[in-house]
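Here is the structure we will look at, set down as structure tokens.
The values are calculated or read from the model by the stated rules, or taken from the named source; none is laboratory data. In this text, all values refer to a predicted model and were calculated from it rather than measured experimentally. FYI the Cβ positions are ideal-geometry reconstructions off the backbone, even for glycines, and counts take in every protein chain you see.
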Amino acid sequence: MFDRRGRFHAQVSCRATPGDPSPSSARATRCSVTAPTLLAAADPAVAPEPASRADAAPLATDLRELLTSVRAFLRDRVRPIEPRLAQHEFRDLLPELTALRSEVKARGLWAPFLPRTLGGRGLTLAEYAEVSAVLGESPVGHYLFNCQAPDVGNMELLHTHGTPEQQQRWLRPLVDGMVRSCFSMTEPDYPGSNPVWMGTRAVRDGDEYVITGHKWFTSSADGAAFAVVMAVTDPDAAPHRRASMFLVPMDAPGVALVRNVSIMGEAGSDWASHAELRYDAVRVPAADRLGPEGAGFALAQERLGPGRIHHCMRWIGICERAFDLMCARAATRELAPGRPLGLSDTVQGWVADSRAEIDAARLYVLDTARRIDADGASAARDAISAIKFYVAGVLQRVLDRAIQTHGALGVTDDTPLAYWYRHERGARIYDGADEVHKASLARRILKRYGMESRG
Ligand SMILES: Cc1cc2nc3c(=O)[nH]c(=O)nc-3n(C[C@H](O)[C@H](O)[C@H](O)COP(=O)(O)OP(=O)(O)OC[C@H]3O[C@@H](n4cnc5c(N)ncnc54)[C@H](O)[C@@H]3O)c2cc1C
């Protein structure tokens, strides 16, 4: 279990080894010896600091200071509440989480990815990527710093493509953390893997559009103030020009949240949920179209580039925390007196493979972010596809190894591993399934070798 500071309690490592003949008093003694080591190694304050982690370039002093402040806040103020995430509805924790968000603001750490004109720190994508990895070490890190998906992507869209009126009405409260938003594109009856084919229609009627459709996996719709909705405005246009984006208030007549879809046994609530929605003849003013008519697909693509970096670095943060937990457990869990689990060749392989894979993933994503900063997303297209499936795979392997190292404890909610295992299986599906990214990367590569395709 976690203690008040979010660190493991001693008793979790104190189960008798099967066949262990030692009396319970001897086991108790052994536990009291192993526990402090476990506590120390599992706590990032004293765990081998990121020194053992790869970094491509020295960090600027102010970024280093920012990372130190974010790390300290997560360790001192956030870890203590993490165990409650598995025990309570997200909605029930909102008062506590909202108070923590106010603290983040008061410390000047709020939404650092935002430009300075909007109150952020004006970080480059590569700089923010470093912050995202640290935030990822807590399941609520991004949420508490107002850096959470899908709001970040919507803020970027509104900042770049919103009219002054749209920015005033929707972007400002989002930036201030007064409201949340969602992104409503995927549909149960159409393949999300082919985003130019969808059923939701937006039909122009005078100064309004009338939106009708059925969506699901609209993450965080529960409690959101508005949705960015993708709908077909011209079914006869070229495939990539058919859809447009609309800003739709969640309380508009005709918007119905059918349910929060249960994922791996958990429907969740509020920000931590994925909703099925119906839009039944929802009327929105034409002024609430985001970007030009027919630009929906292009805007969605634009939203995905930086979003990919954010997701990948968040996953790397999860990997780092899972790695710390795995190593702490391997170093202190004894299979027999004086024989720690970490002496096993298999576990050593898991530790070594995980370290190498996480470092490789980290460097790949940071390099991609730097290329986007320097030359734009289209110049880094191949890498943007590759990091998505590569890092999602590393995440899944590292989490699985960490769980296996913990034995039965690994599948309990006494560590955050099971939470992430449930919540992040989707990483290989959302923002494009592995197979889609692999296919498009391979096609682009093979085209350079002269392969032609008529399909
Ligand atoms: C946790 C989670 C959160 C999400 N959040 C959002 C959100 O906020 N907003 C939103 O709009 N959507 C969201 N999604 C939806 C997500 O973007 C889609 O699930 C994804 O695009 C895949 O679409 P699909 O589920 O319809 O699968 P399908 O398109 O039906 O594909 C099913 C499977 O077919 C295979 N496949 C597909 N195409 C190919 C191909 N070309 N080659 C080989 N194999 C292929 C893949 O294995 C794929 O997993 C979320 C999904 C998850 C799991």
All but one of (1) modelled with pLDDT under 95; (2) in a strand (DSSP E or B) hold for Val258, so report the exception by its number. (1)
Whether any residue in region 362-377 is among the aliphatic types (A, V, I, L, M) and within 16 Å of the ligand (Cβ to nearest atom) is what I want to check. no
Taking region 421-437 and keeping residues farther than 9 Å from Gln396 by Cβ and near the ligand (Cβ under 8 Å from one of its atoms) leaves His423, Gly426, Ile429, Tyr430, Asp431, Gly432, Ala433, Asp434, Glu435, Val436
If I ask for residues that are closer than 22 Å to Trp170 by Cβ and out of contact with any Leu (no Cβ under 6 Å at 6 or more places or on another chain), which ones from region 103-112 would you list? Lys105, Trp110, Ala111
Working only within region 297-334, note down all residues that are among the aromatic types (Phe, Trp, Tyr) and within 30 Å of Arg242 (Cβ to Cβ). Phe297
Could you please find all residues in region 401-455 being among the charged types (D, E, K, R), under 19 Å from Ala272 (Cβ atoms) and touching a Phe, Trp or Tyr at 6+ places or on another chain (Cβ under 8 Å)? Asp413, Glu424
Return the residues of region 424-435 that are part of a helix (DSSP H, G or I) and farther than 20 Å from Cys319 by Cα; say none if nothing qualifies. Glu435
Of (1) in contact with a helix residue (DSSP H, G or I) (Cβ under 7 Å, 6 or more places away or on another chain); (2) over 30 Å from Thr98 (Cβ atoms); (3) surrounded by 14 or more Cβ atoms within 10 Å (Cβ to Cβ), Ser193 fails just (3)
Would you confirm, using the coordinates I've provided, whether Gly206 is over 29 Å from Pro112 (Cα atoms) and either crowded, with 21+ Cβ neighbours inside 10 Å or not aromatic (Phe, Trp, Tyr) (or both)? yes
So which residues in region 113-127 are surrounded by fewer than 24 Cβ atoms within 10 Å (Cβ to Cβ) and not aliphatic (A, V, I, L, M), if there are any at all? Pro115, Arg116, Thr117, Gly119, Gly120, Arg121, Gly122, Thr124, Glu127
In region 378-406, anything in contact (Cβ under 8 Å) with a residue 24 or more places away in the chain, surrounded by fewer than 20 Cβ atoms within 10 Å (Cβ to Cβ) and either farther than 20 Å from Asp359 by Cα or touching a Pro at 6+ places or on another chain (Cβ under 6 Å) (or both) is listed as Arg381, Gln404
I'd like to check something: does region 280-289 contain any residue that is within 15 Å of the ligand (Cβ to nearest atom) and either in the same structural domain as His214 (by TED's automatic domain parsing) or without any contact (Cβ under 8 Å) to a residue 60 or more places away in the chain (or both)? no
Of the criteria (1) within 16 Å of the ligand (Cβ to nearest atom); (2) buried (at least 23 other Cβ atoms within 10 Å of the Cβ); (3) within 21 Å of Leu94 (Cβ to Cβ), which one Ala149 fails: (2)
Expected output for region 179-197 (first residue under 19 Å from Thr212 (Cβ atoms) and in contact (Cβ under 8 Å) with a residue 40 or more places away in the chain, partner of a type in the set (A, V, I, L, M) and within 6 Å of the ligand (Cβ to nearest atom), Cβ below 7 Å, 6+ apart or cross-chain) is Pro195/Met185
Residue identified as over 12 Å from Ile309 (Cα atoms), of a type in the set (Phe, Trp, Tyr) and assigned by TED's automatic domain parsing to the domain that holds Ala442 among Tyr364, Tyr390: Tyr390
Of everything in region 105-122, what is at negative phi and under 19 Å from the mean Cα position of the chain (by Cα)? Give them in sequence order. Leu109, Trp110, Pro112, Phe113, Leu114
Exactly one condition in (1) farther than 16 Å from Leu299 by Cα; (2) buried (at least 16 other Cβ atoms within 10 Å of the Cβ) is false for Phe183; which is it? (1)
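Residue-wise test of (1) outside any helix (DSSP H, G or I); (2) in contact (Cβ under 8 Å) with a residue 12 or more places away in the chain; (3) more than 19 Å from the chain's Cα centre (by Cα); (4) surrounded by fewer than 16 Cβ atoms within 10 Å (Cβ to Cβ).
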residue	(1), (2), (3), (4)
Leu409	no, yes, yes, no
Thr415	yes, yes, no, no
His437	no, yes, no, no
Arg444	no, yes, yes, yes
Glu452	yes, no, yes, yes
Please count how many residues of region 318-354 are surrounded by fewer than 17 Cβ atoms within 10 Å (Cβ to Cβ) and part of a helix (DSSP H, G or I). 7
Could you tell me whether any residue of region 242-255 is away from the ligand (no atom under 15 Å from the Cβ), touching an Asp or Glu at 6+ places or on another chain (Cβ under 7 Å), charged (D, E, K, R) and farther than 28 Å from Phe90 by Cα? yes
Conditions first: (1) more than 16 Å from the ligand (Cβ to nearest atom); (2) closer than 23 Å to Ala298 by Cβ. Leu417 passes all but one, so which condition is the exception? (2)
Looking at region 215-241, which of its residues are crowded, with 16+ Cβ neighbours inside 10 Å and over 26 Å from Glu89 (Cα atoms)? Val229, Met230, Ala231, Val232, Thr233, Arg241
